[in-house]
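The values are calculated or read from the model by the stated rules, or taken from the named source; none is laboratory data. From a predicted model like this one, the values you see are computed outputs, not experimental measurements. Because the Cβ atoms are built from the backbone with ideal geometry, glycine has one as well, and the counts that use them run over all protein chains shown.
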Amino acid sequence: MHNIQEYSELEFKKSFENNTIAQRIKTDFDELVWNKFYESCTKTVATPRQSALRLDNAPSRFSMAPFYYIQYLLNKNPKEIYDLGCGFNIFKKYIPNIVGVSPETIESGYYFGDIHDFIDDDYIKNHANYFESVFAINSLHFYPIEMIRQRVIDFASMIKTNGRGFITFNLARMVDASKSRAVFYENNFDLDKFVRNELKDMPFTFLVFDVDLTVLNAGMDGNVRLVIEK
């Protein structure tokens with residue numbers, strides 16, 4: 001399975017940095033980061049400079065790469081775009097029709113979602129063919145890497161016919177969750193080939209198939225980035 005419409009930092013920056021979304025983000029952060037391996041950059045803070053959640057005095061930086069993939073959802077002009085595992089729900093600030101779904105509780109002090117729910121197998125089953133537009137950035141990958149194909153199928157099962165979804169996986173985290181992780185970290189093991197074989201011949205269309213193992217780091221945004229259309 002070859003990459004399709006993979007992210008190009010220079011091309012996307014040129015086309016998007018004058019977008020109204022980018023201009024609004026620029027007023028909130030000290031620096032916009034266009035490298036898709038966000039956490040491989042220098043020390044980062046993923047919240048606006050006005051936020052009480054700022055960490056020490058590090059400059060606030062924001063990764064712009066997710067908007068490359070979210071743009072594929074926006075191009076369909078959906079009424080609502082659901083963000084599964086929304087974290088700070090930061091994308092909603094710049095795209096108001098995003099609905100953040102968060103497993104955290106208000107009591108935890110870390111609740112920024114519009115809807116409180118756990119994104120587990122029951123949630124997936126109860127939301128079959130439910131979303132016109134949905135994305136999940138590193139929120140459905142807390143499983144062994146052997147399950148990556150099933151996780152993508154499960155994610156796609158929640159998308160309505162003619163709908164679109166964007167999902168990312170961090171392979172380092174998925175490898176670490178595997179009982180066979182030592183095998184995956186062997187020098188002669190072709191992890192890239194394994195992932196591509198697992199994700200081929202799906203019963204839906206990939207608008208974007210972007211697998212990049214240039215960096216394998218549990219702290220970054222993801223190695224596998226897929227935009228699906230049913």
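Does PHE62 satisfy the criteria of being more than 10 Å from PHE135 (Cβ to Cβ), hydrophobic (A, V, I, L, M, F, W, C), buried (at least 18 other Cβ atoms within 10 Å of the Cβ) and in contact with a Pro (Cβ under 9 Å, 6 or more places away or on another chain)?
yes
Looking only at segment 1-46, filter to residues that are part of a helix (DSSP H, G or I) and at pLDDT below 85; which one of those is surrounded by the fewest Cβ atoms within 10 Å (Cβ to Cβ)?
Per the stated criteria, the residue is SER40.
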What strands (runs of 3 or more DSSP E) completely inside segment 147-230 contain at least 1 residues that are over 17 Å from ILE70 (Cα atoms)?
159-169
Residues satisfying the stated conditions in segment 135-185, i.e. basic (Lys, Arg) and either in contact (Cβ under 8 Å) with a residue 60 or more places away in the chain or closer than 18 Å to ASP121 by Cα (or both)
ARG149, ARG151, LYS160, ARG164
Within the set of pairs 6 or more residues apart or between chains, which connect a residue that is touching a residue at least 12 places away in the same chain (Cβ under 8 Å) inside segment 206-218 to a residue that is in a loop (DSSP other than H, G, I, E, B) and not acidic (Asp, Glu) with Cβ atoms less than 6 Å apart?
VAL208/GLN5; PHE209/ASN3; ASP210/ASN3; ASP210/TYR7; ASP212/ASN223; LEU213/ASN223; VAL215/PHE37
Quick one: how many residues across segment 134-172 are out of contact with any Lys or Arg (no Cβ under 8 Å at 6 or more places or on another chain), of a type in the set (S, T, N, Q) and modelled with pLDDT of 95 or more?
2
